[in-house]
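> Dropping the structure in here first, questions after.
The values are calculated or read from the model by the stated rules, or taken from the named source; none is laboratory data. Since we're looking at a predicted model, the values are computed, not measured. When we count neighbours, we look across all protein chains shown, and the Cβ atoms used for this are built from the backbone with ideal geometry, even at glycine. Accessible surface is based on the protein model in full, side chains and every heavy atom, while ligands, DNA and RNA are left aside. Shrake-Rupley method; radii C 1.70, N 1.55, O 1.52, S 1.80 Å.
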Amino acid sequence: MRPTAYFHGQPGAPLELGLLPPLPADLFAPDRNRDRSELSAERYYDHLAQEIRRRWPDGGLRLVGFSIGAFVACEVALRLSDRDLALDLISPAAPLGLGDFLPQMAGGPVFRLARDNAMAFRVLTWAQGLVARGAPDLLLDQLFASAAGEDAGLARSAEFRRILTSAMNQSLGQGAVGYRRDLRAYVRTPPDRFAGLGAPMTLWHGSADTWAPLGMSQALAAQDPGRRQVRVLTGQSHYSTLIAAAGELFAAP
């Protein structure tokens, strides 16, 4: 198996890897919430690419990005364009300019606020951080109020709730600076930012995803149909697609 870099979702943290089957030994999963929070988004994604080069100076690489982490994986891939890359984007958040996605997204109001009103977005994340620390189950219930498909069942699982509430506390609470950095960079992404990525790309998407609509993967694939394929997982939603896709990815020899 290729050395693999994993980019977590938002709100999220590397803790979400605890939802997955046994992982490859050669795995790099940076905590973007708390890592180098003094850097701008552009400089931070440069840093991630440099760290990957330091760990693996040559040879093929796999970049796996989940949700907002898919956007980060693509940013890092642009900086590693000279390497033999394979991109696996799971429940990816595509650039908002590729379609009329916001009305279909459970987190649409948050993304709209991050795009249109930086101060109000900062106040919102401060308030969410208080809830994440003081009443994490309440915040989880709010985030999963519109959960569909297999995510609705996951949201009732004690182990899933334990992992997700801890991850939310790390991102919205302890790591709010990194969380805001990712979201503000994401909502400003031009629609053609990743059109020229030459690496083969597999887009794993649940048919019942209410966080990132299936059209996001389809729009990314349409930019380069020859090298990009969409794997639709029927009945799966956002996190259940992560679990299902990882089961295939990390079981591969």
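> For the chain, what ratio Rg/Rh do Cα atoms give with a Kirkwood hydrodynamic radius?
0.93
> Mind checking which helices in the chain clear 20 Å along their axis (Cα) and have mean Kyte-Doolittle hydropathy of 0.5 or more, DSSP H runs only?
118-134
> Can I ask one more? Could you identify which residue out of D209, D31, D82 has the top mean-square fluctuation in a GNM of the chain using Cα springs shorter than 10 Å?
Taking springs between Cα atoms under 10 Å, the residue moving most is D82.
> Counting DSSP beta bridges with both partners in the chain, what percentage is antiparallel, nearest 5?
Bridges in the chain that DSSP calls antiparallel: roughly 0 percent.
> So, one more: Work the Kirkwood hydrodynamic radius out for the stretch 83-195: mean of 1/r over every pair of different alpha-carbon atoms, inverted, in Å.
Evaluated over the stretch 83-195, this radius sits at 15.6 Å.
> Could you work out the Rg to Rh ratio of the stretch 1-60, with Rh taken as the Kirkwood radius (inverse of the mean 1/r over all Cα pairs)?
A ratio of 0.98.
> What is the local net charge at R32, summed over the other residues whose Cβ is closer than 14 Å to its Cβ (Lys, Arg +1; Asp, Glu -1)?
Residues close to R32 contribute a combined charge of -3.
> Show me 21-30, 86-95, 128-137 ranked by packing, highest mean number of other Cβ atoms within 10 Å first.
Highest to lowest by the protection proxy: 86-95, 128-137, 21-30.
> Could you tell me what percent of the accessible area of the chain is made up of carbon and sulfur, with a 1.4 Å probe and every protein chain present?
52 percent
> What percentages make up the Cα-Cα pair-distance distribution of the stretch 123-253 when the bins are 10 Å wide from 0?
11, 31, 38, 18, 2
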